[in-house]
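Beneath this line is the structure, given in C-alpha cells, with notes to follow.
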Amino acid sequence: VASGRGTLDTARFGRDLITRPAQWLLVPASWPSADVRVRFALPDGMRVATGWAPYERRGQTFHALEKTAGYPQTRVAFGRFEPLVVRSGEAKLDVAILDAPHRITREGAVRWLSGAVDAVSRLYDGFPVRHACLLVIPRAPGRGRPVTFGRAMRAGGSVVDLVVSPAARDADFVGDWMTVHELTHLGMPWHDDPSRWWGEGFVAYYQDVLRARMGWTDERAAWQRIESWMDRGRTSGGRGTLLDDSTRMTPRYAYHRVYYGGAAIAFLIDVELRRRTGGAKSLDDVMRILNRIRELDREGRSWDGLDVLAKVDETLGDAVCVPIASRWLRSRAFPDVRSAQRELGIVVRNGQVSLDDRAPRAADRRAIMRFPD
C-alpha cells in the first residue's frame, strides 16, 4: 500500500485507504444474476465511501451491490472522514475528503461541489444519477490548478476522483472546469475505446459552456478557452483519421487531438441543430437523450459513438449528428469550425477571440452560453 503515492487504485492517505473491491470482495457463485446487498461492520468512527447506493433496513445500512462491482475500475474508500453530503433534487452525493494536508474547508468544499453539481443538473434537467461518491484526494500541487486530476468511474456505482492541490484555498475551487467535466461524464452512456472522441469530446465542450452559463466566466473568455483547446487539437496527434487516433489514443498520446476533435464535432452539431430548428433544439437535447439511453441500459453496454448518435438522430427526428460526426471521423484534418465561428460572430485573429454582435447568428452564439429560460 502506497502512502499517497503510486496508483490511486490502492493507496493510503493518513488514516484513510482507497481500495479496489476485487482485492477483498467475495461474492456468491450466482452473482451477478442474483441481487446482492453488502453491509460493512466497521470500528467506531470508521466510515466507508462507495458508489454502491445505500439504503436503511431494520436500523442497519446496506449497499446494493452493482452488477459491475468486480470491475477493476471500481473503488471504495475506508477512513475516519467526516460525513459530507451534497444534494440536488433527489440525488445524493456522498463526499469524502481524504486524510492528507489541505487548505480547503468543509464549507468551501460544499460551495465548490454544490456549484458544479448545479451546473450539471441544469444541463441534464436533474442530476443524472441518484447516488454518487466523490473522493477529494489532496496530493501534490498542480502548477497553480486547484483540481489537478479527475476521473469519473461508473463501474460498480458512480465514483468520481478529484485530486486537489494541498495549497489551494476555498476561493480557488469556485467554477473549476475539471470538476464540471468529470460530473458531466455521469450522464453519458458507456463507450468503447474507439469512441473516446465522443465520450470525452462532448464533455470537453461543456466544461467551458457550463462555466459561462453559471457566471463563473464571461462569454468571450469561454469562447477563447474553447478556441485554445481546439487549437491544441489541431496541432497534436493527427497521424491518421480522428477515429484512428481515438482508437490508439494512449500509445499515440493523441489526447488533445481526440478530446478537442470531439469537442469540435459537438460544437458543429450544436450550431447545426440550432440553425435547423430556429434555436428550439440544441446539443443540450442531445445530452439529455444520451442520459436517457444510459438510464435505460441496465446491462452497461459499451456503445459505439456512431451507433449511439444514430439513436439520438432517430429520437430527434432528423439526421444531424451522424452525418457531421461521420465526415470528420474519416478525415485526417481537424474538424473545420471556422465557417460556423464566422456565422456566430466568433472572430479569431492570431489565436485571440473577439465577438461580433453584427454576425448573422450572434443570437445563437449568446444562447449557447446561457441556460434556456
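All of the numbers you see were taken from the coordinates with simple rules; none came from a lab. Quick caveat, the model's predicted, so the values are computed rather than measured. Every residue, glycine as well, gets a Cβ built from its backbone with ideal geometry; the counts of neighbours run over all protein chains shown.
Structure data summary
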{"quantity": "(i) 19.4; (ii) 33.1; (iii) 21.5, with the label sought being that of the calculated mean projected area of the Cα convex hull in nm²", "calculated": "(i)"}
{"quantity": "Order by protection proxy (mean Cβ within 10 Å, highest first), peptides 201-211, 89-99", "calculated": "201-211, 89-99"}
{"quantity": "Residue with peak Gaussian network fluctuation, the chain [Cα springs, cutoff 10 Å], from G157, G59, G51", "calculated": "G59"}
{"quantity": "The chain: DSSP helices with Cα axial extent of at least 24 Å and average Kyte-Doolittle hydropathy no lower than -0.5", "calculated": "106-124, 255-277"}
